[in-house]
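K.L.:
Have a look at this one before I ask anything.
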2 protein chains.
Amino acid sequence: MKRYVFMISDGTGITAETLGHSLITQFENTKFERLTIPYVDSLKKAEHAVEQINQAFEEQGIKPLVFTTLIDPEVRNYFKKANARVFDLFNTFIGPMEEELNEKSSYTVGKTHGVVNSKLYLHRLEAIDFALSHDDGVKTRGYDKADIILIGVSRCGKTPSCLYMALQYGILAANYPFTEEDIIGFKLPEVLKPYKNKLFGLTIDPQRLQQIRAERRPNSKYASPEQCRLEVKEVEAMYQKEKISYINSTKYSIEEISTKILAASGLQRKI
Amino acid sequence: MKRYVFMISDGTGITAETLGHSLITQFENTKFERLTIPYVDSLKKAEHAVEQINQAFEEQGIKPLVFTTLIDPEVRNYFKKANARVFDLFNTFIGPMEEELNEKSSYTVGKTHGVVNSKLYLHRLEAIDFALSHDDGVKTRGYDKADIILIGVSRCGKTPSCLYMALQYGILAANYPFTEEDIIGFKLPEVLKPYKNKLFGLTIDPQRLQQIRAERRPNSKYASPEQCRLEVKEVEAMYQKEKISYINSTKYSIEEISTKILAASGLQRKI
């Protein structure tokens, strides 16, 4: 039997989703059905959300879990009417924090993922533009400005990691893919040499690479076991010879690859 | 005086950062200095983190705030030694959840942002590839496959929103920018007509648009007040005439624009 899980927020719902998801993944024997209701910033919207929760309760005959990040006390209290187990992710900590900081919280709705200031927005835009215009080695001219340059064989995770680092951390991340021609008797390409201190390598298990490449070009040489093995072997040897830091992305999500790169390279977030 | 805030996690640190950041933004009179320490998955790393926390305490003479998402009880308990106010974001809820679900939690480290399965990773890759190859109207051929097509004037927030929706929600999002030539006596471009039910419009206040465009091309006609006003006016009139749903992105972050688009269009997340 499945358990409904509602993430209820007066803002985007991202905070409730993030912690709520973290918590439910710790319970492996329960099948969860997740639903997010964002922008619940009035009593009317709260009423509508509680109706949905109660419907889920009727349907399953078991209390849904409800994770809330709600600031307004009236809206928040309304969820006590729900036939559900409510976890107040926000207020649980606000009281103790007020005591520790000796300051009243401002009770302002929707601050977390709002535009804190337009400088921040412009910086994120710049980082995204940079990642797009320096994706896949299309432009090597801006490498002076790059905070980091990811290198690796095609489809090892460079592009998603650059985009993630740009969006979430405001980091100017370029990436440069090694082509098939680069691979044999591998040397660090000339264009990268002046930026050696910004290089960070990715590698991946050949089997996994093959699987990812087959999605793009099935039955190609590009996706063949031999080609994948060869490229990975040569590139790893080059990283070691050139003493370039690298990580193996095989078992990691985009978030993990990105945060591990940050941790390993010592780069600080810019936003 | 500033307060140090540490986000300590055995995984990426994203969950601790997200809720920790939500909470501290409610305290406007305190200046916070945020530090994330990810991948604290051994006693040795916990010792090192506690040293950093205690150093911050020595420096400021006031207890840092520490937000933890740690699974391992031994690692978690070690933070009791820190001269800090520790908020256990995880365990605070796990106990009550165990009781409600009548199930013991699995106490598995790093599940939240890990690769849950390779299908999920492949789906995210596909969504990112789609956003990149259908950015800025470069390719209109794949619109059949698109979940949504964002439209709007240049620099109103289409590209960041598409990338965010791809990365976070696995949504296939294309975007099509109106060019200067499109604008006068505005009509919906022919290429978009077959996909009218997938269109979602963005608009933006002319002043803000001008500011963003000036970052890219200062002192250009493109960034002039007249041009920005004209484009926004024409595009909004077209949305209304064609009955295309749209939102004004001016005051919103990338997260807010994306989640508002989802809410308004009824699109469901794919991951």
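Quick note: the coordinates plus some simple rules give every number you see, no bench work behind them. Worth saying up front: this structure is predicted, and the values here are computed from it rather than measured. When we count neighbours, we look across all protein chains shown, and the Cβ atoms used for this are built from the backbone with ideal geometry, even at glycine.
K.L.:
Tell me the distances, shortest first, between A:ARG269 and the same position across the other copies, using label points 7 Å along Cα→Cβ, in nm to one decimal.
P.N.:
Copy-to-copy label distances for A:ARG269: 1.8 nm.
K.L.:
Quick one: dipole size for region A:2-101, taken about the Cα centre, charges +1 on Lys/Arg Cβ and -1 on Asp/Glu Cβ, in debye to the nearest 20. Could you put the intermediate results ahead of the total?
P.N.:
Working: 11 positive and 15 negative charges, 95 e Å.
Value, rounded to 20: 460 debye.
K.L.:
Given region A:2-101 reduced to its alpha-carbon atoms as identical point scatterers, what log10 I(q)/I(0) does the Debye formula return at q = 0.13, 0.19 Å⁻¹?
P.N.:
Here log10 of I(q) over I(0) equals -0.43, -0.88.
K.L.:
In degrees, nearest 10, range 0 to 90: what is the angle between the Cα axis of helix B:91-101 and the longest Cα principal axis of chain B?
P.N.:
Compared with the principal axis, the helix lies near 80 degrees.
K.L.:
Working from Cα positions, state the angle (0 to 90°, nearest 10) between the long axis of helix A:225-242 and the longest principal axis of chain A.
P.N.:
That helix lies at roughly 80 degrees to the long axis.
K.L.:
What is the count of Lys pairs in region A:118-265 whose alpha carbons sit under 16 Å apart, if the two are 8 or more places apart or on different chains?
P.N.:
For region A:118-265, the number of qualifying lysine pairs is 22.
K.L.:
Find how much the distance from B:PHE57 to B:ALA214 grows on full extension, using 0.36 nm per residue of separation minus their present alpha carbon separation; answer in nm with one decimal.
P.N.:
On the way: separation 157, 0.36 × 157 = 56.52 nm, distance 4.36 nm.
Residue separation times 0.36 nm, minus the Cα-Cα distance, leaves 52.2 nm.
K.L.:
Considering only the label points, 7 Å along Cα→Cβ from Cα, what distances in nm to one decimal separate A:GLU103 from the same position in each other copy, shortest first?
P.N.:
Result for A:GLU103, in nm, nearest copy first: 4.0.
K.L.:
In addition: Using only Cα atoms, tell me the angle between helix B:43-60 and the longest principal axis of chain B; keep it within 0 to 90° and round to the nearest 10.
P.N.:
Tilt relative to chain B: about 80 degrees.
K.L.:
Once you charge only the Cβ atoms, +1 for Lys and Arg and -1 for Asp and Glu, what is the size of the charge dipole of region A:118-265 about its Cα centre, to the nearest 20 debye?
P.N.:
Charge dipole, region A:118-265, about its Cα centre: 120 debye, nearest 20.
K.L.:
Still on this structure, please answer the following. Near A:PHE186, within a Cβ-to-Cβ distance under 12 Å, what is the net charge of the other residues, with Lys and Arg +1 and Asp and Glu -1? Don't jump to the answer; show the numbers that get you there.
P.N.:
Numbers: positive: A:LYS187, A:LYS233, A:LYS241; negative: A:GLU180, A:GLU181, A:ASP182, A:GLU231, A:GLU234, A:GLU236, A:GLU242.
Taking every Cβ under 12 Å from that of A:PHE186, the sum is -4.
K.L.:
Let me ask something else. In nm, what does the list of distances from A:PRO189 to its counterparts in the other copies look like, shortest first, when each label sits 7 Å along Cα to Cβ?
P.N.:
Copy-to-copy label distances at A:PRO189, shortest first: 3.0 nm.
K.L.:
Using the crude model of +1 on Lys and Arg Cβ and -1 on Asp and Glu Cβ, and no other charge, please compute the dipole size for chain A relative to its Cα centre, in debye to 20. Don't skip to the answer; put the middle values down first.
P.N.:
Working: 37 positive and 35 negative charges, 115 e Å.
With only Lys, Arg, Asp and Glu charged at Cβ, the dipole is about 560 debye.
K.L.:
Quick one: which of A:19-32, A:174-187 comes out on top by average Cβ neighbours within 10 Å, and what's the full order, highest first? All intermediate terms of the calculation are to be shown ahead of the outcome.
P.N.:
On the way: A:19-32: 18.8, A:174-187: 16.1.
Most protected by this proxy first, the peptides run A:19-32, A:174-187.
K.L.:
Which one, B:THR259, B:LEU125, B:ALA174, projects farthest toward the positive side of the charge dipole computed for region B:118-265 from Cβ point charges (K/R +1, D/E -1)?
P.N.:
In region B:118-265, that residue is B:THR259.
K.L.:
Hey, if you put +1 on the Cβ of every Lys and Arg and -1 on every Asp and Glu Cβ in chain A, which of A:GLY137, A:LEU43, A:CYS162 ends up farthest toward the positive end of that dipole?
P.N.:
The Cα lying farthest towards the positive end belongs to A:GLY137.
K.L.:
Ok, one more. Which residues among region A:164-206 fall inside the zone where the amide N is under 19 Å from a point 7 Å beyond the Cα of A:ALA237, along Cα→Cβ?
P.N.:
The answer is A:178-190, A:201-206.
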